[in-house]
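Undergrad: Starting off with a structure, shown below.
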Amino acid sequence: MGSDLKKFVNPKFLKTIDPALMRALFVRHFGEDELPVSFEGEAPTIRAALAAHFEGTVAGWNAGMVADLHRVAELGTSEGMQLILNEARRRGVVLYPEPETDDAEAAPISHDPKHVALYTYLLHHRVFEAAADFHALRAPTSPAEFRGPERDLGADLTEEMTEAFKAAVINLFSQDLQGQYCRLGPYEEDGEINLVISHGAQVTTTPVITGDREEIITLRAVKYAVLRYSPIEGRLFVGGVVKAQQGEIAELFARHILRRPGFFSGRDARDLYTLDPISDAGPDFAFQHRYDETIKEVRIVTAAADLFEWDEEDQRWRHVRSWESKDASGGALTHFRGSEVRFGRGWRLGEITFRVAFETGAKRPAQVTVRLKPPGTLAFRRTRFEKAIHTLVQRNGLEKDRDAGMVVDAAE
């Protein structure tokens, strides 16, 4: 973590950053009268003083400043800058109202992603927070999925709802020693409810070297949990939450946002996917995708099979061994042909990884890699092709039919 900050606050950064911005950052943590760096004099003098201050180990830096710099570093990239610009545009905020140079051909250094991130963090904090939320929404995660017993259950986000949900989340995270800090960012996009929860991580200690001795620094970083709910499907995605807390977070959402306690607690709430159609077809299975003209190709690059045997003594199925096949060309399933794997004879297909190539008009097709592991894991980076991936899985029979399950429940 310290090395990451050292890469961010590097000599190039200190030689080009606006001293006024750095002064604002220092004032934020030290106040006007106790600044550890003098900001008097010419810019080169101030930059030299900043370089001297940051030459030491991270252990010697102000803890609050370390936390701020970590947050700025997350959005101090080209992708992060675009999120900041998008959010500023959405809110009608002009980040740089006055041109900074008379030379139209010049590229202002203040428009470097790191500089834009710090500038926005200090002067347009709400824009920064919203951009950080969208960064968390788009981060590659393997969200847990929960499916309710019915569709078309919406919710109108009110302040009362979100405050009650936030209080419950604080209580849950604090039980796991994650502190009391919590910020909730609610967004509605494309008919979905998105909640980004910024909260504290568990405290970590890191040994660092200061001169000729070792010191220990403690840090509580900011973490992001992401909840995405589709009212049309009655489906909730939970990302950035440890497995032990996922069910509890889903229940809090059902209780306080949907006002339907237990909505995600049914026996089929996590039983979403199946690989039975592939097992039934065997090594010759191939995804059907001609219904979608944008899908150029689907390749199964990894397949894992597990052998189970019935244990008479314990009266349960016991895992014996696994057999994994990998083939970047898409022939992972075909390698089972001629092997010991025989689906339906104790062998079960445990998971697959497949790559979907989308035609976009570019020179090369866009690729999305998807990992499918029943009963509840469909993991891939959420992109503009998300709906196409879900449709592909559903149309190939790999998503369980909720309505059939509801009929069974009703009959029972």
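Undergrad: Within the set of other residues whose C-beta is less than 10 Å from the C-beta of Ile193, count the net charge using Lys and Arg as +1 and Asp and Glu as -1. Working shown, then result.
TA: Numbers: positive: Arg228; negative: Asp156, Glu188, Glu189, Glu192.
Cβ neighbours under 10 Å give a net charge of -3.
Undergrad: Under a plain spin-label model, where a point goes 7 Å from the Cα along Cα-to-Cβ, how far apart in nm are Arg342 and Asp292?
TA: Computed distance between label sites Arg342 and Asp292 equals 3.6 nm.
Undergrad: R0 = 30 Å: FRET efficiency of Met161 with Ala244, Cβ-based, nearest 0.05? Before the final figure, lay out the partial values.
TA: Numbers: r = 25 Å, r/R0 = 0.83.
In this case the efficiency is close to 0.75.
Undergrad: What full-extension length gain, to one decimal in nm, is calculated for Glu55 and Arg259 as 0.36 nm per residue of separation minus the Cα-Cα distance?
TA: Details: separation 204, 0.36 × 204 = 73.44 nm, distance 5.33 nm.
In short, 68.1 nm is gained.
Undergrad: Same structure, new question: Taking Cα pairs under 8 Å and at least six residues apart, what relative contact order does segment 316-373 come out at, in percent?
TA: Here the relative contact order equals 23 percent.
Undergrad: From the phi of every residue in segment 78-84, what ³J(HN,Hα) in whole Hz does the Karplus formula 6.51 cos²θ - 1.76 cosθ + 1.60 yield, where θ is phi - 60° and glycine or proline is x?
TA: Values per residue, Gly and Pro as x: 4, 5, x, 5, 5, 5, 4 Hz.
Undergrad: If the cut-off is 25 Å between C-alpha atoms, which lysines fall inside it for Lys114, apart from same-chain ones fewer than 8 positions away?
TA: Lys6, Lys7, Lys12, Lys15, Lys223
Undergrad: Which whole-number percent of Cα pairs in segment 275-408 have a distance greater than 27 Å?
TA: Values: 2382 of 8911 pairs.
Taking all Cα-Cα pairs of segment 275-408, the fraction more than 27 Å apart is 27 percent.
Undergrad: Figure the gain on full extension for Val93 and Gln394 (residue separation times 0.36 nm, minus the Cα-Cα span) and round it to one decimal in nm. All intermediate terms of the calculation are to be shown ahead of the outcome.
TA: Numbers: separation 301, 0.36 × 301 = 108.36 nm, distance 4.16 nm.
Taking 0.36 nm per residue and subtracting the Cα distance, the gain is 104.2 nm.
Undergrad: When the chain is fully extended, how far beyond the present Cα-Cα distance does Glu34 get from Glu233, taking 0.36 nm per residue of separation? Mind showing how you got there, number by number?
TA: Values: separation 199, 0.36 × 199 = 71.64 nm, distance 5.57 nm.
Answer, rounded to one decimal: 66.1 nm.
Undergrad: Along segment 350-357, what does the Karplus equation 6.51 cos²θ - 1.76 cosθ + 1.60 (θ = phi - 60°) give for ³J(HN,Hα), rounded to whole Hz, x for Gly and Pro?
TA: Rounded to whole hertz, the list is x, 6, 9, 10, 10, 10, 10, 9.
Undergrad: A 22 angstrom limit on the alpha carbon distance is what I want to check against. Which of Lys296/Lys373; Lys166/Lys243; Lys166/Lys400 exceed it?
TA: Values: Lys296/Lys373 24 Å; Lys166/Lys243 19 Å; Lys166/Lys400 33 Å.
Cα-Cα > 22 Å for Lys296/Lys373; Lys166/Lys400; rest within.
Undergrad: May I ask you to derive the FRET efficiency for Gln367 and Arg267 from their Cβ-Cβ distance with R0 = 35 Å, giving the value to the nearest 0.05? Spell out each step's value before the answer.
TA: Values: r = 36 Å, r/R0 = 1.03.
E between Gln367 and Arg267, to the nearest 0.05, is 0.45.
Undergrad: Where the accessible area of segment 275-408 is counted over protein heavy atoms with a 1.4 Å probe, how much of it, in %, is carbon and sulfur? Intermediate results must be reported in sequence, preceding the final value.
TA: Details: 3510 of 7790 Å².
Reported share for carbon and sulfur atoms: 45 percent.
The values are calculated or read from the model by the stated rules, or taken from the named source; none is laboratory data. Since the model is a prediction, treat every value here as computed from it, not as a measurement. Note: ideal-geometry Cβ built from the backbone for every residue, glycine included; neighbour counts use all protein chains shown. These accessible areas exclude ligands, DNA and RNA; they are computed on the full protein's heavy atoms, side chains included. Shrake-Rupley method; radii C 1.70, N 1.55, O 1.52, S 1.80 Å.
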